[in-house]
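Below is one structure, written out as structure tokens; the observations come after it.
Nothing in this text is a laboratory measurement; each read-out follows from the coordinates by a stated rule. For clarity, every value in this text was computed on a predicted model and none was experimentally measured. Glycine also receives a Cβ, built like all others from the backbone with ideal geometry; neighbour counts cover every protein chain displayed.
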Amino acid sequence: MKLLYTKRSPYARKPRIIALEKEISLELIDEDLKNKSPRLLDANPLGKVPTLILDNNKTVYDSPVICQYLDSLSDKNIMIPRGGWERIEILRWEAFADDLTGMAINLYMEKIRHPGAFNTDFVALSEKNIRDAYAHIEKRLTELNHFNLAPVAVVSAIGYIHFRLPHLQVKGALFQWFEEISQRPSIDQTIPVL
């Protein structure tokens, strides 16, 4: 299987972590999103990463579906409960973390696109929402004690924010949790880089 990705993508980080935890071999193909390759556009007409190309050339996208697909391949280190409310809770955490990531990406892009004249109201509200999200996560850290897709998604979101928006680093108990989980080999090996 081939995973089309970028080393900085928080969405691609999640399936990379799952593959490492489940010992699934993925050929990682780093894509240039400014000059999208025919391979990427053929696999995903929107040219988005991550996109997974299976050995039979079928494709799977995007991140939540890839994560579910990879987890379904074996019962080793189950990352998403197979059913019931427990499954919904984990997928809800993933959705929350993905929304947090989307907010951070929009904030970063606003500052990149308009460095001298960004929308200050948008930036202030986005930064407040990110800090509110941190408070929400910190109150519920016990829900992230079991290593599965929920902490994977949260650490991917926070890792991206630290990478792109370092002035919004986590603090307190959430910082301690983030530092501890970042020692896990699958997390450490997937830290976003340019």
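Exposure proxy ranking for V155, V123, V60, based on other Cβ atoms within 10 angstrom of each Cβ and starting from the fewest, stands as V123, V60, V155. For segment 158-173 versus segment 34-92, the spacing of their alpha-carbon centroids is 26 Å. With contacts taken as Cα pairs under 8 Å at a separation of at least 6 residues, the chain carries a relative contact order of 27 percent.
For segment 2-72, averaging the sequence separation of C-alpha pairs within contact (under 8 Å, six or more residues apart) and dividing by the residue count gives a relative contact order of 39 percent.
In the chain the longest region clear of trypsin sites (Lys or Arg not before Pro) that are loop-assigned by DSSP and have at most 13 other C-beta atoms within 10 Å covers 83-139.
Partner aspartates and glutamates whose Cα lies under 20 Å from the Cα of K58, excluding those fewer than 8 positions away in the same chain, are identified as E27, D30, E31, D42, D71. The simple spin-label model puts a point 7 Å past each Cα toward its Cβ; for W85 and R184 those points are separated by 2.4 nm. About its Cα centre, the dipole of the chain is roughly 320 debye, where the only charges are +1 on Lys and Arg Cβ and -1 on Asp and Glu Cβ. Going through (i) 29, 18, 16; (ii) 32, 18, 15; (iii) 26, 23, 14, the figure that equals semi-axes √(5λ) of the Cα gyration tensor in Å as computed for the structure here is (iii). Taking 7 Å steps out from each Cα toward its Cβ at E27 and I191 produces label points 2.9 nm apart. Just going by the charge dipole of segment 5-47, with Lys and Arg at +1 and Asp and Glu at -1 on Cβ, which of Y11, P38, L26 is farthest out on the positive end? Towards the positive end, the residue furthest out is Y11. From the square roots a ≥ b ≥ c of the eigenvalues of the alpha-carbon gyration tensor of segment 84-186, which class results: rounded (a/c under 1.5), prolate (a/b over b/c), or oblate? The shape class here is prolate. Here's the picture: charge each Lys and Arg Cβ at +1 and each Asp and Glu Cβ at -1 in segment 84-186, and of G102, L144, F122 the one pushed furthest to the positive end of that dipole is F122.
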